[in-house]
Structures are given as C-alpha cells and as structure tokens.
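To keep things clear, I will list the structure first and then write my remarks on it.
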Amino acid sequence: MAKDVILTGIRANQDLTIGNYFGAILPMIDTAKNHSDEYQINLFIPDLHSFTTPIDHSKLNKQIFDNAKLFAAAGLPLDNPNIYMYRQSYIPAHSELTVILDSFTGYGEMGRMTQFKEKSNSNNDMVSVGLFNYPVLMASDILLYNAKYVPVGDDQTQHLEFTRDIAQRMNKKFGYIFVIPESVSKQHEFFGNDQGLRIKDLIDPTKKMSKSDDSGRGVIFLNDEPAVAAKKVMGATTDDKAEINFDRDNQPGISNLLEILALLRGVRLDDVIKEFKGHTRYGDFKSVIANEVEKFLTDFQQKLGNIDENAVIAKLEQSERDMTPVANETLLRAQQAVGLRPKD
Ligand code: TYM
C-alpha cells in the first residue's frame, strides 16, 4: 500500500528566519528523520510562489539553491529514498493544475484570505494576480502528491483549509480526484502541538516574525552574524511588569522570548516557564536567550558551510524525476474529470 504523504514547502524569496526554521523546517525534518519508514516525505521549494510579491529576480536562482542547502544543513537525510526534495517550477503539473482549479475558486473566497489582505495592504507596489491566487497554487502543491499531513506555521492554516475546501468541492462535483488533507486540528494532533507555532517579531511582538519585514531589527535570520543576532535579542521589546510570566495577551514580548528559548533548547515550553516564572531581571533572562541564539547560529552556519553541493543538486534532480509522474497522474485525473482528456 502507498505510504501516507507528509508535505511542506518553504518559499525562497529572502533569507529565512528562525520562524521558518522552528515553524516549518525543523518539524518537517524531525518527522523525516523519525518517520521516513512509515511515511513518504516531500519537502519542496515553492519557487513560483517566491515572486507573488516583488523580489530581486537576479538573486532568485541562488536563493532557491541556498534554501535546498539549508534543508540539508538542518538535517534532512539526503540519502534516504523515502524523502523527496524538489523545486516546484521543475514539475510543470503545479502550474497546470492551478489553472484548472482557478476556475472553481471564488473571487470572494480569495479576497477573504487574511494573508492576501495583509500583504496587499502593506505593499505599495502593484498587488499582483499571482498574490491573489497564491492559495490556489498552494492547493495544487499539496493535492498533486496526495498529501495527508502538511506541517505549516499558524499563518498558513487558512490556506490549508482552502485546500481541503477546493478538493472536497472538486470531488463532490466530479467524483474522486483528490486525497483530502487532514483537518488543521488533526494536523496539530499528529505533530503533537496544541496550535500552530507563530514566533513573533522581537521589536513588535504583536506581529509575526517575517522575512519580508523591512528593518529586520526584530527578525533573526538564519544567516545573521551570531553576535548581531544576540544583540537583537538583547534589544527585544518587553514590558514594564518587571516579572516573567507566560501571558501572550498581556506580556507578548516575554512570552515570545520564552517560546524561542524552549525551541532553541529543544525542550517543552512548560519547562522553560517553570524555570523563569516570577523572575524579575529581564536583562539576565535576555542574556540566556542571546547566548542560546548565538550558539545555535554558529553551529547551524558551520553545518551549512560543510554541505556537499553536488549531493544537493543530485537529490533535487532525482526527486524531480521521481515526483513528475506522481504529479502527472493526479493532473490527469483532474484533466479527465473536467473533460480535457478522455476517461480510460
Ligand atoms: P513561507 O515561505 O512564508 O513560510 C514557510 C513556513 O514557515 C512558517 N513560518 C512561521 N512559523 C512560525 N513562526 C513564524 N514567525 C513563521 N514565519 C513563517 C510558515 O507558516 C510556513 O509553514 N505558502 C507557504 C509556502 C507553500 C506551502 C505550499 C507550504 C507553498 N506551497 C504547500 C505547505 C504546502 C509560505 O508562503 O510559507
């Protein structure tokens, strides 16, 4: 019997942050390491998604490759045949299925997507149709490979819900085409979380730490100089309560730092809360995290420097060869369903 598929993608548009790392890369790689016997693991680079908002195109190609290297540095076992790492645009079925699904997606439905609303508001440049139908391409990414589990950060859950909706809609109208991914709550259960992770900006802890942030002062990038990143932690916004408590609403900065520390140490949040609850010296608390960040980045960047680039290219190319027929099979079912191809 075919194995259940666990799939996720991380855009290559700018340098990745610890939010991407702990929200998506690490859970996926832990799963890949621990469960590749039971599941098929697809980790891909959604390169077509990378320019739904404006980017410097002269850097894209390198960025795509750098991201692949980064997955390897984060521990993705490249020699495991149950694990696939590929580039979206190298498998044309992604684009083709998107065009089909576009015609079954409501204009209003896309306009209601929180991420579209946020990005189209905050951006002075042209708001592109690509940004608008971004979730449809994302649905294709997931549905083409019959994925059941899709580990993503909290900001992507609405897109995952849409993926389920469009798949159910198509199956209802045409009969079976797509495997429906599990509901968001089942996903969290599967990955052992009570909710999607959302690391916050260090300067404005009410908003997500995001690679598209302009100043970068509140963002820890994976390629930050470790000492610079430590300084960013020391400059993190806290509050005037002068007592450490985990309270996302009233102490968002402190709570975010507690979460980051738990992730860096690889321990449960409760353990870190127990250790620091009631402490009053924010500066000391920040230095602990600054040290951990510095250690983490030094170690990670060293690993990145030692990656065998040829092995990464070989993995990408092999996975693209292996996944093309899988994607084409699903595409054909969709083409047959809508009448573009004869049914067998
Ligand atoms: P992207 O590239 O914006 O982000 C990649 C992943 O990182 C998570 N993430 C965070 N998690 C916790 N805290 C943060 N501060 C934080 N910032 C980012 C995101 O939730 C995401 O999981 N649309 C996707 C890429 C994509 C995709 C897919 C994912 C395209 N097709 C199919 C899964 C399946 C995106 O833009 O993620």
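Below is a table of values for the structure above.
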{"quantity": "Expected 222 nm ellipticity per residue - DSSP helices of 4 or more, -39500 (n - 2.57), all of the chain, to 500", "calculated": "-16000 deg cm²/dmol"}
{"quantity": "Formal net charge of residues neighbouring ILE307 (Cβ-Cβ distance under 12 Å; K, R +1; D, E -1)", "calculated": "0"}
{"quantity": "Dipole moment magnitude, nearest 20 debye, the chain about Cα centre, only Lys, Arg, Asp, Glu C-beta charged", "calculated": "520 debye"}
{"quantity": "Solution diffusion estimate, µm²/s, Stokes-Einstein, the stretch 194-314, Kirkwood Rh from C-alpha pairs, 37 °C, viscosity 0.692 mPa s", "calculated": "216 µm²/s"}
{"quantity": "Nonlocal amide H pairs with LYS200, under 5 Å, H built at 1.01 Å", "calculated": "MET209"}
{"quantity": "FRET efficiency, 1/(1 + (r/R0)^6) with R0 22 Å, evaluated for ASP102 and HIS57 via beta carbons", "calculated": "0.40"}
{"quantity": "Sorted largest first, extent of the stretch 103-246 alpha carbons per principal axis (Å)", "calculated": "58, 40, 30"}
{"quantity": "Ratio of the Cα radius of gyration of the chain to 2.2 N^0.38 Å, where N counts its residues", "calculated": "1.02"}
{"quantity": "Hz values of 3J(HN,Hα) by residue in the stretch 66-78 - Karplus curve (6.51, -1.76, 1.60), Gly and Pro given as x", "calculated": "4, 5, 4, 4, 5, 5, 5, 5, 6, x, 5, x, 5"}
{"quantity": "Built amide H within the under 5 Å cut-off of ILE45, gap 5+", "calculated": "TYR86, ARG87, GLN88"}
{"quantity": "In order through the stretch 125-138: 3J(HN,Hα) via Karplus (6.51 cos²θ - 1.76 cosθ + 1.60), integer Hz, x for Gly, Pro", "calculated": "6, 4, 8, 8, 5, x, 5, 4, 9, 3, x, 6, 4, 5"}
{"quantity": "Alpha-carbon centroid distance for the pair the stretch 148-202 / the stretch 90-133, whole angstrom", "calculated": "17 Å"}
{"quantity": "Cβ-defined net charge surrounding LYS33, 15 Å radius [Lys, Arg +1; Asp, Glu -1]", "calculated": "-3"}
{"quantity": "3J(HN,Hα) from dihedral phi, the stretch 159-167, Karplus parametrisation 6.51/-1.76/1.60, rounded to Hz, x for glycine, proline", "calculated": "5, 5, 4, 4, 4, 5, 4, 5, 5"}
{"quantity": "Cα centroid separation, the stretch 1-53 to the stretch 254-321 (Å)", "calculated": "17 Å"}
{"quantity": "Restricting the stretch 255-344 to trypsin sites (Lys or Arg not before Pro) in coil, as DSSP defines it, with at most 13 other Cβ within 10 Å", "calculated": "ARG268, LYS277, ARG281, LYS343"}
{"quantity": "Local net charge near ASP165, Cβ-Cβ under 15 Å (Lys/Arg +1, Asp/Glu -1)", "calculated": "+1"}
{"quantity": "Two-site label geometry, VAL338 and LYS241: point separation in nm, points 7 Å out along Cα→Cβ", "calculated": "5.1 nm"}
{"quantity": "Cross-link pairs LYS33/LYS200; LYS117/LYS315; LYS59/LYS207; LYS173/LYS200 - those with Cα-Cα distance over 30 Å", "calculated": "LYS117/LYS315; LYS173/LYS200"}
{"quantity": "Rounded to whole Å, sorted largest first: equivalent-ellipsoid semi-axes of the stretch 1-137, Cα gyration tensor", "calculated": "28, 19, 14"}
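Taken together, the values in this text are just the output of simple stated rules run on the coordinates, not laboratory data. Bear in mind the structure is a predicted one, so any value in this text is a computation, not a measurement. Please note: Cβ atoms are built from the backbone with ideal geometry, for glycine as well, and neighbour counts cover all protein chains shown.
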